[in-house]
Amino acid sequence: MENFNKDKRIFMAISVLVGLAIGITFFTRSAEPFQIKRVISGTTNSSHLNASNEIATINLTEEGKLGVGDELNMSSSFLMMSHTAPVTDDRQTSDVFGIIDDSTTLLFAREIAANVMTLGWTVVEAVSGMEVISALTPLSDTTYQKNIKLPRAFNLSRTIPLISWRSFRLRTQDDERFLFSARFTANDTLSIRRGELAGGYFNDIAYQVIEFDRDVNVQSGVAVFNTTFANVTVSAFDPNRSFLVFTVSAGNLATPPTSASLVGVEGRYATEGKFIDSTTLQFYRSQAGTGYNLTVPWYLVEFQNQGAAWNASAAMSVNNTNVSLPTPVDLNRTVSFISCSYNNTSTYND
C-alpha cells in the first residue's frame, strides 16, 4: 500500500491479538489454533535508506529485537511495512520491497539511493496455527499478469497474500503502471497484476502467502469500479474481531488491460478501505471519472477466538497525526494496518 507525505485521509485498522500463538508443519498439517508468539516492530533511520544506500538490512539481534541465539521461524513469520518519502521522490526511490532475508535479518530494497526514507516495519511470528511461504519474483514490461504456481494448495477461506515491490523507471505522469494487485485464481495459484503496460516498466515483487489453520475465517473478492467509492456486500462479520487487507491496480480485469486514464494523479488511485457495517465494506478514492477504473482484490479476516480489533478513520493534513486508541494495547501482540486516500487533482512525484 502506498503512503503519501502530503494531505491525506487515513483509514487505520488496528488488530489486538490477545492471548494467541503459532507454529505449523509444512508436510503434516494437523489443525491448530492460531496463537501469536511475538510481534516485533521498528523503524528505519537515516543510516539505512539514504543518499548512499538503496538497500537496507536490519539485523534483529543487533537492534535488540531478538536475543542472542534467538531466531525467527521463517515458515511461521510474516513482514508488514509502511513508509513515507519526501515529495521530491519518484517511483525509483520511493517504491520499496521488504523481505525476511534470514532468521535474524530483514531486507528492504529500492532501485536508486536518494533522500532518506523512513519505513515502519512489523514482523508477526506465530507458535501454532499459521504457515507462511514467501519469495521474490520479477515482472517485465511486457507482463501485465503473472500467475505464480504455489508449492501446494491452500485453503482460501483462511489465506491472504501480501506484496511489496520496487520499480525500475522514473515516471510521474503515468506511475499507476507501478501499481500491483494480488489475488488467488486457484487454490494453488497467486496472480499478480498491473493495470497498464508500457516499455521500460520493470519491477521486482516480494510476495507472502499466509494461511491460518483454525479460529480465523477469510472472506475475499474483487471490486472493480470507476466511481468515487464502491460498497461491497459480504456475509455478516464482527467488526470488533476483523481487519481488512487489499491491493490496488489501475484498470479493470480486461485481457489485455486498457488504459485507466489516471495519468499519474494520486487522488485517482490512492484508496482507503473501511467497514461501513457488519455486512458492508467500502473502498474510497477522492477522484473518479469515466475510464478511471481500479481493480481491488480484498481479504476480510475475522478472528473467531480471543482476537480483538479496532477500526477507525482519521483526516490528516500535516506530516504526523497521532490517533488515540480506545484502550491500551499489548505492543508485543498488536499489529496495525493502514490505507489512505489522497485529496488531490494533480500529479506528484511519488
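The values are calculated or read from the model by the stated rules, or taken from the named source; none is laboratory data. All figures in this text were calculated on a predicted structure; none of them were measured in a lab. Counting neighbours? That spans all protein chains shown, and the Cβs are built from the backbone with ideal geometry, glycine included.
What's the number of the condition residue 190 fails, among (1) crowded, with 22+ Cβ neighbours inside 10 Å; (2) closer than 29 Å to residue 333 by Cα; (3) in contact with an Asp or Glu (Cβ under 9 Å, 6 or more places away or on another chain)?
The single condition residue 190 does not satisfy is (3).
Suppose we filter 242, 313, 278, 261 for residues that are farther than 30 Å from residue 150 by Cβ, touching a Phe, Trp or Tyr at 6+ places or on another chain (Cβ under 8 Å), at pLDDT 95 or above and polar (S, T, N, Q); which single one remains?
278
Which residues, taken from segment 58-77, are closer than 17 Å to residue 122 by Cβ and touching a Phe, Trp or Tyr at 6+ places or on another chain (Cβ under 8 Å)?
The answer is 58, and nothing else.
If a residue counts only when it is under 22 Å from residue 34 (Cβ atoms), which strands (runs of 3 or more DSSP E) contained entirely in segment 258-350 have at least 2 such residues?
Because the criterion is at least 2 residues that are under 22 Å from residue 34 (Cβ atoms), the strands (runs of 3 or more DSSP E) in segment 258-350 that meet it are 294-303, 308-316, 334-341.
So for segment 130-141 (the condition being within 26 Å of residue 320 (Cα to Cα) and at pLDDT 90 or above), does at least one residue qualify?
No: segment 130-141 contains no residue that is within 26 Å of residue 320 (Cα to Cα) and at pLDDT 90 or above.
Give segment 188-237 a look and list any residue that's closer than 15 Å to residue 250 by Cβ, at pLDDT below 95 and of a type in the set (A, V, I, L, M), or say none.
197, 198, 224
For (1) of a type outside the set (A, V, I, L, M, F, W, C); (2) assigned to a strand (DSSP E or B); (3) without any contact (Cβ under 8 Å) to a residue 24 or more places away in the chain, each residue gets a yes or a no:
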{"residue": "64", "(1), (2), (3)": "yes, no, yes"}
{"residue": "69", "(1), (2), (3)": "yes, no, yes"}
{"residue": "98", "(1), (2), (3)": "yes, yes, no"}
{"residue": "115", "(1), (2), (3)": "yes, no, no"}
{"residue": "120", "(1), (2), (3)": "yes, yes, no"}
{"residue": "131", "(1), (2), (3)": "yes, yes, no"}
{"residue": "153", "(1), (2), (3)": "no, no, no"}
{"residue": "160", "(1), (2), (3)": "no, yes, no"}
{"residue": "165", "(1), (2), (3)": "no, yes, no"}
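Do you know which of the residues in segment 131-162 that are among the β-branched types (Val, Ile, Thr) and under 20 Å from residue 298 (Cα atoms) is surrounded by the most Cβ atoms within 10 Å (Cβ to Cβ)?
So, considering only residues that are among the β-branched types (Val, Ile, Thr) and under 20 Å from residue 298 (Cα atoms), the one surrounded by the most Cβ atoms within 10 Å (Cβ to Cβ) is 160.
I'd like the full set of residues that are modelled with pLDDT under 95, among the β-branched types (Val, Ile, Thr) and surrounded by 20 or more Cβ atoms within 10 Å (Cβ to Cβ), limited to segment 281-296.
295
Could you check, for segment 122-136, whether at least one of its residues is small (Gly, Ala, Ser) and in contact with a Pro (Cβ under 7 Å, 6 or more places away or on another chain)?
Yes, segment 122-136 contains at least one residue that is small (Gly, Ala, Ser) and in contact with a Pro (Cβ under 7 Å, 6 or more places away or on another chain).
Determine, yes or no, whether residue 49 is assigned to a loop (DSSP other than H, G, I, E, B), crowded, with 16+ Cβ neighbours inside 10 Å and at pLDDT 95 or above.
So residue 49 does not fit the description; no.
Restricting the first residue to segment 199-220 and requiring it to be closer than 17 Å to residue 179 by Cα and surrounded by fewer than 22 Cβ atoms within 10 Å (Cβ to Cβ), which pairs with a second residue that is modelled with pLDDT under 95 and among the charged types (D, E, K, R) meet a Cβ separation below 6 Å and a spacing of at least six or different chains?
The qualifying pairs are 199/141; 200/141; 200/169; 202/141; 204/166.
So, in segment 297-307, exactly how many residues are surrounded by fewer than 18 Cβ atoms within 10 Å (Cβ to Cβ) and modelled with pLDDT of 80 or more?
1
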